[in-house]
Each structure stands twice: as structure tokens, then as C-alpha cells.
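> Sharing a structure here in C-alpha cells format.
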Amino acid sequence: MNQRLVNQRLVHVIAFLSLAGCGGGAAPPSASAQLLPPVSAGGLVAVTAPTSGSPVRGRVTVTANASGVGPFGVAAVQFQLDGVNLGTPDTSAPYAISWDTRTTTNASHTLTAVATDTLGVQYTSDAVTVTVFNDKTPPTVAAEDANPAFWLLG
């Protein structure tokens, strides 16, 4: 996770705590904050299938694990293919989507999962690289001269 997201999350938490502490217009309690080092999103959200380096074809189920931090839960997980949204966000665990690889070029592609917590902060998983290979070559038929002795007349 980059420092901007950590800072954004901290601002949300401070705003939430300040609002929760204000009763009927009273002054908020004094608070201090400390910026924490960036937290890797890999521990918060991860694509679990297919695995990195896998060849894929046809219909593939893409799955992810995601968990919130502290009291903040996961609101949705959006899967992405090469940085572009793949389908609609999944709002309930287990997080999964069906991907028809036949609509994708035969090449190397990256899959990620973007989890959004209930405060709206997003966490992107580490990329999983897969190779799509759908055999789109039409079959060929070869005809050979047949032995006339085997021809059937009739």
C-alpha cells in the first residue's frame, strides 16, 4: 500500500473518532496521531486462483481473500484484468468471478483484486500473471485418394 492510502486511512479514522467524540456540538477531545509505515496490501487482499504463472483457457473462476483492518470490514472486491475492471464488484465472501478467457487475447495478462473497506479506502492485491491460450485455429481436414477397390456402388 502506498503512503497516500495510509495517510488517507488515518484521516478517515481521525475524522470518525472526532465525530464520535462530539456530543451535541461539544469540542472534540484532543487527539494525537502518528503516521505509520506503509502496510502491504498483500496481507489484506490476495488473488487466490488462478495462481501466478498458470496457463488458463475457456471459463476460469477468479477468487480472492480479503479482510478489513481493525473494526473496518470489507465492503466489496473488484477484480481487474490488466488494470481494467472485470465484471462488477463482489460484495460478499467468498469473493469470486467467472472470467471467459475467450474474450481476451492469447497472451500474458495480470489479475488483481481491489478491496474497498467500509470507509471507502481501497487496497490492491499483488498482481497475479497468467497466460491465456485458447486454441482458435480451425481444424483442418485432409483427404487422400481412396483405393477404388473399397468404393461402394449402389
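The values are calculated or read from the model by the stated rules, or taken from the named source; none is laboratory data. All of these numbers come straight from a predicted model, not from anything done at the bench. For neighbour counting, all protein chains shown are included, and Cβ atoms are generated from backbone atoms with ideal geometry for every residue, glycine included.
> Do you know which residues across region 111-130 are surrounded by 14 or more Cβ atoms within 10 Å (Cβ to Cβ) and assigned to a strand (DSSP E or B)?
LEU111, THR112, ALA113, VAL114, ALA115, THR116, ASP117, GLN122, TYR123, THR124, VAL128, VAL130
> Yes or no: LEU119 more than 16 Å from the chain's Cα centre (by Cα), closer than 22 Å to VAL77 by Cα, at pLDDT 80 or above and among the hydrophobic types (A, V, I, L, M, F, W, C)? Explain how you work it out, then say what you get.
Values: more than 16 Å from the chain's Cα centre (by Cα): yes; closer than 22 Å to VAL77 by Cα: yes; at pLDDT 80 or above: yes; among the hydrophobic types (A, V, I, L, M, F, W, C): yes.
The answer is yes for LEU119.
> For ASP90, are the conditions met, namely being within 17 Å of VAL121 (Cα to Cα), out of contact with any Cys (no Cβ under 9 Å at 6 or more places or on another chain) and in the same structural domain as ALA127 (by TED's automatic domain parsing)? Quick ask: steps written out before the conclusion?
Numbers: within 17 Å of VAL121 (Cα to Cα): yes; out of contact with any Cys (no Cβ under 9 Å at 6 or more places or on another chain): yes; in the same structural domain as ALA127 (by TED's automatic domain parsing): yes.
Criteria met by ASP90.
> Inside region 83-107, can you point out the residues that are among the small types (Gly, Ala, Ser) and surrounded by fewer than 11 Cβ atoms within 10 Å (Cβ to Cβ)?
Once the filter is applied, which keeps residues that are among the small types (Gly, Ala, Ser) and surrounded by fewer than 11 Cβ atoms within 10 Å (Cβ to Cβ), region 83-107 yields GLY83, SER92, SER98, ALA107.
> When both residues are 6+ apart or on different chains and their Cβ atoms are under 8 Å apart, which pairs have a first residue that lies in region 87-101 and is in contact (Cβ under 8 Å) with a residue 40 or more places away in the chain, and a second that is surrounded by 11 or more Cβ atoms within 10 Å (Cβ to Cβ) and not in a strand (DSSP E or B)?
Matching pairs, first to second residue: TRP99/LEU86; TRP99/GLY87; THR101/ARG57; THR101/ASN134.
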